[in-house]
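Chemist: Quick one: structure below, then a few questions.
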Amino acid sequence: MEQIPQPIEPAGMFSGLRIKAIALGVLADIGSTFILGTILMSVILISEYGTDMPDEAIDNFYKTNRNLYLLFLLGTACTVFGGFIGAKLAGSSEIRHGGWVGAVSLIISVLIEMSSDQSQSYPRLFSILSVAVVIPAGVLGGYLSIVFSKIEKAF
């Protein structure tokens, strides 16, 4: 009697995920974004105002499109880094882990933004880009983890 092969079933959305790897990737993303963003803002403010900054210096910083887009690029790079870390620590399904790092980072960022008391409104393009690029940036980090693993194995 011939055995009928079992149907191939796709993996579930959450199957095989390593929560610890995702959490550490998110921590790397948000931590590096905060630290590097603070350093970038400090450097720009000191270069513009010197050591005697007026009280409105930080508000003016966020009203300049150039500064917002610099922070956007820095935040995107940090999300790629977080996705890379999460994927590397997971050791499998790297792209999925990187994507989940981006998704969780996005959720946390939205919650932080909602809980802040800023009355600042950002340009629409900046807001759209900030939301749209987070998950793909995490996926890119996961993909780069695979690429670097292949490079390491070649040497």
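Chemist: Among the residues of segment 70-82, are any polar (S, T, N, Q), buried (at least 24 other Cβ atoms within 10 Å of the Cβ) and either at pLDDT 95 or above or under 15 Å from the mean Cα position of the chain (by Cα) (or both)?
Modeler: yes
Chemist: Which one of these does Val134 not meet: (1) closer than 22 Å to Ile22 by Cβ; (2) in contact with a Leu (Cβ under 7 Å, 6 or more places away or on another chain); (3) in contact (Cβ under 8 Å) with a residue 60 or more places away in the chain?
Modeler: (3)
Chemist: So how many residues does segment 137-155 have that are surrounded by 10 or more Cβ atoms within 10 Å (Cβ to Cβ) and farther than 23 Å from Leu17 by Cβ?
Modeler: Of the residues in segment 137-155, 0 are surrounded by 10 or more Cβ atoms within 10 Å (Cβ to Cβ) and farther than 23 Å from Leu17 by Cβ.
The values are calculated or read from the model by the stated rules, or taken from the named source; none is laboratory data. Remember, it's a predicted structure, so these values are computed and weren't measured experimentally. Heads up, the Cβs are rebuilt from the backbone with ideal geometry, glycines too, and the neighbour counts pull from every protein chain shown.
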